[in-house]
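Just so it is clear, none of the values below were taken in a lab; they were calculated from the coordinates. Keep in mind that what you see is a predicted model, and the values were worked out from it rather than measured. Virtual Cβ from ideal backbone geometry, glycine too; neighbours counted across all protein chains shown.
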Amino acid sequence: MALLRSSATSDAATTLVSGDVRRHNLSIVARYLVDNGASSRSQIADGTGLTRGSVTALTAVLLKAAVLHEAEPQDARGKGRPLTLLNLSADHVAILALQLDADQVTGLLTTLTGEPLLRLAEHHGRPMGRPEPIIDVMASVLGRMLDACGAMGRRVVDMTVVVFAPVGGEPPVVIADTDLGWGAVDVMAGLRRREPRTPSFAQLAPDSTLAAQAELGLLDDSRDMIYLKSNSGIGGAIIIDGAVVEGSHKLAGALGHLPLVPHGEPCGCGQRGCLVTVAGPDSVLRAAGLEGMLESEGLTAALTELTGRILAGESRAAAAWTVASYWIGKSLQILTMAVDPQVIVLGGYWAHLADSVGERFAENRPVSGTGVPWVGAAVVPGRLEGDAALMGAIWGARDRLLGDPLQISI
Ligand SMILES: [Zn+2]
């Protein structure tokens, strides 16, 4: 990260020349303390490249806002003046993520740095086409999380509601959740009606965008990525130069709704022949003969069983996967020609089947004039399993808060 240095000056106050520079430099100090723990002003200056005058002024702002506190003074090995160490005061704040998938509602409360404080989950029973009972469960989990947070003496300073569906519009709503049989649903309004303590800053976000950002953060040197995943439905995200492509209507990356099959089955989104109709979990589980297990044990258990059967070569599951992986490979070919990514990351249960998807993808690659296949993007498994979106929500919140640390003032 480039440092915006204030010019050296004897008057520390004049180093805070503009709000943006100040916010950026406050953020540098906060991040340094998260990475290095309690530190003296001179250690912060040496470690960040900020001038000592700037660090004195910046830490004064953060101390006044109670974002920092003075830790116990340490005598520097018995010599000289004891060092005054500063540290972040984050014991009074928490980050909250509330996730809705096809099986359950999961709440995760963490510290500012993402250390878990509490995790709760409640099954909603998948009442298809009926958002109200599901939002009841979301509000119940949220209420219990807020009660527990208050009992810990913390207040929520960032909250994300994660849904396994595309989100769009103003205010943002779920556009269509094929796993739950939803059309457009205003989840946030429903939550606020039921739980008036829902923070005003709470935001609604699609799981795949958050999961993609979390997975990207674990990859070295990758800036252009296609993320495609399936657990609850099919989701995706396109990341160019490190940023998620949202599109004019926030629909970019809704890759489960790539309309692939001419005159195919109608999809909940209004199109025909979408990827989710031929490679979505319901369709693959049905073809593999696991519909009964889906009904009785839920989606997560059924997909775990499906993955095991495919990897073991069980004939019906393997046949179902041959069809699905053909369409997934086809989608990746189309996307690659549109985006030309460095890497394709597969998430959800597809992470365990990345090799076979890579093979389907490679079967129809474009060739150069000499007949040599172009070097296509590598198809790799995601690393965060089922928690990718939750971790993306928490890490995104952490970055937002550290980017403007006065938000965590008491
Ligand atoms: Zn569709």
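Per 5 Å bin from zero, what fraction in whole % of the C-alpha pairs of the stretch 79-204 is there, up to the bin with the longest pair?
In order of increasing distance, the bins hold 2, 10, 20, 21, 16, 11, 7, 4, 2, 2, 2, 1, 1, 1, 0 percent.
Indicate the gyration tensor shape class of the stretch 124-274 (rounded, prolate or oblate), computed on the Cα atoms with a ≥ b ≥ c the square roots of the eigenvalues: a/c under 1.5 is rounded; otherwise a/b larger than b/c is prolate and the rest oblate. Intermediate results must be reported in sequence, preceding the final value.
Details: a/c = 2.25, a/b = 1.29, b/c = 1.74.
Taking the square roots of the gyration eigenvalues as a ≥ b ≥ c, the stretch 124-274 is oblate.
Would you be so kind as to identify which of 85, 112, 349 lies farthest towards the positive end of the dipole of the chain, taking Lys and Arg as +1 and Asp and Glu as -1 on Cβ and the Cα centre as origin?
85
Once you keep just the Cα pairs under 8 angstrom separated by 6 or more residues, what percentage relative contact order results for the stretch 170-325? Spell out each step's value before the answer.
Working: 210 pairs, mean separation 22.3, N = 156.
In percent, rounded to a whole number, it is 14.
For the chain, give the share of DSSP beta bridges that are antiparallel, in percent and rounded to the nearest 5; count only bridges with both residues there. Don't jump to the answer; show the numbers that get you there.
Values: 35 of 57 bridges.
So the antiparallel bridges amount to about 60 percent of the total.
Tell me, what is the FRET efficiency for residue 296 and residue 355 to the nearest 0.05, using R0 = 22 angstrom and their Cβ-Cβ distance as r?
Values: r = 30 Å, r/R0 = 1.38.
Working from the Cβ atoms, E equals 0.15.
What does the helix-only formula give at 222 nm for the chain: each DSSP H stretch with n ≥ 4 adding -39500 (n - 2.57), the total divided by the residues, and the result rounded to the nearest 500 deg cm²/dmol?
Values: 13 runs with 162 residues, N = 410.
Roughly -12500 deg cm²/dmol at 222 nm, from the helical runs in the chain.
Work out which chymotrypsin sites (Phe, Trp or Tyr not before Pro) in the chain are exposed loop sites (DSSP not H, G, I, E or B, at most 14 other Cβ within 10 Å) and give the longest gap free of them. Before the final figure, lay out each step's value.
On the way: sites that count: 201, 374.
For chymotrypsin sites (Phe, Trp or Tyr not before Pro) (loop position, at most 14 other Cβ atoms within 10 Å), the longest site-free span of the chain is 1-200.
Relative to the longest principal axis of the C-alpha atoms of the chain, give the angle of the C-alpha long axis of helix 299-312, reported between 0 and 90° and rounded to the nearest 10°.
Rounded to the nearest ten degrees, it is 70.
Once you have a ≥ b ≥ c as the square roots of the Cα gyration tensor eigenvalues for the stretch 261-335, tell me rounded if a/c is under 1.5, and otherwise prolate or oblate according to whether a/b is larger than b/c. Let's see the in-between values first.
Values: a/c = 2.33, a/b = 1.44, b/c = 1.61.
Judged from the Cα gyration tensor, the stretch 261-335 comes out oblate (a/c at least 1.5, b/c at or above a/b).
Pick from 127, 82, 199 the residue whose mean-square fluctuation is largest in a GNM of the chain, springs joining Cα atoms under 10 Å.
82
With r as the distance between the Cβ atoms of residue 52 and residue 385 and R0 = 51 Å, compute the FRET efficiency 1/(1 + (r/R0)^6) and round to 0.05. All intermediate terms of the calculation are to be shown ahead of the outcome.
On the way: r = 45 Å, r/R0 = 0.88.
After rounding, the FRET efficiency stands at 0.70.
Please give the length that would be gained between residue 136 and residue 338 if that part of the chain were fully extended, namely 0.36 nm times their separation in residues minus their C-alpha to C-alpha distance (nm, one decimal).
Details: separation 202, 0.36 × 202 = 72.72 nm, distance 4.08 nm.
Result: 68.6 nm gained on full extension.
Report, to the nearest 10°, how far helix 388-403 tilts away from the longest principal axis of the Cα atoms in the chain, using its own Cα long axis and a range of 0 to 90°.
Relative to the chain, helix 388-403 is tipped by roughly 30 degrees.
How far, in nm, would the chain grow between residue 71 and residue 121 when pulled straight, counting 0.36 nm per residue and subtracting the alpha carbon separation?
On the way: separation 50, 0.36 × 50 = 18.00 nm, distance 3.67 nm.
Value of the extension gain: 14.3 nm.
Full-extension gain between residue 248 and residue 21, please, as 0.36 nm times their residue separation minus the C-alpha to C-alpha distance. Spell out each step's value before the answer.
Numbers: separation 227, 0.36 × 227 = 81.72 nm, distance 3.01 nm.
Extra length from residue 248 to residue 21 when fully extended: 78.7 nm.
At residue 219 and residue 36, where each label point lies 7 Å from the Cα along Cα→Cβ, what is the point-to-point distance in nanometres?
With each label placed 7 Å out from Cα toward Cβ, I get 3.2 nm.
What angle do you read, to the nearest 10 degrees and between 0 and 90, between the alpha-carbon axis of helix 19-36 and the longest principal axis of the chain?
The helix 19-36 is inclined about 80 degrees to the chain.
As an exercise, use a Förster radius of 22 Å and the Cβ-Cβ distance of residue 370 and residue 326 to find the FRET efficiency, rounded to the nearest 0.05. Numbers along the way, then the final one.
Numbers: r = 28 Å, r/R0 = 1.25.
The pair residue 370/residue 326 has a calculated efficiency of 0.20.
If a/c stays under 1.5 just call it rounded; otherwise compare a/b with b/c (prolate if a/b is bigger, oblate if not). Do that for the stretch 301-410, with a ≥ b ≥ c from the square roots of the Cα gyration tensor eigenvalues.
Values: a/c = 3.95, a/b = 1.46, b/c = 2.71.
Oblate, since a/c reaches 1.5 and b/c is not below a/b.
Connecting C-alpha atoms closer than 10 Å in a GNM of the chain, tell me which of 98, 86, 109 has the biggest fluctuation.
Of 98, 86, 109, the most mobile in the Gaussian network model is 86.
Going by C-beta contacts inside 10 Å, put 330, 229 in order with the fewest on the left. Kindly include the intermediate steps, with their values, before the conclusion.
Details: 330 20, 229 28.
Going from least to most buried by this count: 330, 229.
So if I average 1/r over every pair of distinct C-alpha atoms in the chain and take the inverse, what Kirkwood radius in Å does that give? Show your work: numbers first, answer last.
On the way: mean 1/r = 0.0428 Å⁻¹.
One over the average 1/r among Cα pairs gives 23.4 Å for the chain.
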